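Enquirer: Before anything else, here's the structure in question.
The values are calculated or read from the model by the stated rules, or taken from the named source; none is laboratory data. A quick note: this is a predicted structure, and the numbers were derived from the prediction, not measured. Here the Cβ is made from the backbone with ideal geometry for all residues, glycine too, and neighbour counts use every protein chain on show. Just so you know, the surface numbers come from the protein's heavy atoms only, side chains and all, with ligands and any DNA or RNA stripped out. Shrake-Rupley method; radii C 1.70, N 1.55, O 1.52, S 1.80 Å.
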Amino acid sequence: LAFLSMLGMSALRVQVGKKFGPRAGVTFIFVCIVQFHLLFYCSRPLPNTFAQIFTNVAFSYILQDEYNSAFMVLTAAGVIFRSELVADPPAPQDSSS
């Protein structure tokens with residue numbers, strides 16, 4: 001999981017470097033490295049950690065002006081990671097009160 005998180009982060013870093021210059025890419029990765037919580041949670045099997053992989057890849061597509069690809073990745077992430085809303089719908093409310 002940590003490897004996939006770093007691949008997603010790397011894809012984003014490469015596109016930041018291409019779009020805004022190599023110094024911005026290095027600064028981006030430096031800011032990500034010094035944030036303890038980001039690296040700590042990259043290896044934790046939480047829904048947001050999985051979604052972060054998709055989000056980083058989608059943002060890298062946006063920086064490449066590939067909006068359709070970004071939309072598909074974000075849609076897939078939304079369907080996959082919010083499917084519990086369909087699996088566990090809220091209980092009906094009692095309207096007699």
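Enquirer: On C-alpha positions alone, give me the angle between the axis of helix 47-63 and the longest principal axis of the chain, in degrees, nearest 10.
Expert: 50
Enquirer: Still on this structure, I have one more. Taking the chain as a Gaussian network, where each spring joins two C-alpha atoms under 10 Å apart, which residue of Val34, Val16, Val79 fluctuates the most?
Expert: Comparing Val34, Val16, Val79 in a Gaussian network model of the chain, the most mobile one is Val34.
Enquirer: Accessible area per residue of the chain at 1.4 Å probe, in Å²?
Expert: Numbers: 6970 Å² over 97 residues.
In whole numbers, the chain has 72 Å² accessible per residue.
Enquirer: With each run of n ≥ 4 DSSP H residues scored as -39500 (n - 2.57), what mean residue ellipticity at 222 nm is computed for the chain after dividing by its residue count and rounding to the nearest 500 deg cm²/dmol?
Expert: That comes out to -24000 deg cm²/dmol.
Enquirer: Can you tell me, using C-alpha contacts under 8 Å and at least 6 residues apart, the relative contact order of the chain as a whole percent? Could you put the intermediate results ahead of the total?
Expert: Numbers: 82 pairs, mean separation 28.5, N = 97.
About 29 percent, as a whole number.
Enquirer: Along Cα→Cβ, 7 Å out, is where each label goes; now give me the distance between the ones at Asn68 and Leu1 in nm to one decimal.
Expert: So the two model labels end up 3.4 nm from each other.
Enquirer: Please state, as a whole number in µm²/s, the translational diffusion coefficient that the Stokes-Einstein equation yields for the chain at 10 °C and 1.306 mPa s, with Rh defined as the Kirkwood radius across alpha carbon pairs.
Expert: This corresponds to a translational diffusion coefficient of 105 µm²/s.
Enquirer: Ok, one more. Just in the stretch 12-90: which trypsin sites (Lys or Arg not before Pro) are loop by DSSP and have at most 15 other Cβ atoms within 10 Å?
Expert: Answer by residue number: Arg82.
Enquirer: Next question. In whole percent, how big is the carbon plus sulfur part of the accessible area of the chain, probe 1.4 Å, protein atoms only? Before the final figure, lay out the partial values.
Expert: Details: 4770 of 6970 Å².
That fraction is 68 percent.
Enquirer: Placing unit charges on C-beta atoms (Lys and Arg positive, Asp and Glu negative, everything else neutral), compute the dipole magnitude of the chain about its Cα centre in debye, rounded to 20.
Expert: Value, rounded to 20: 560 debye.
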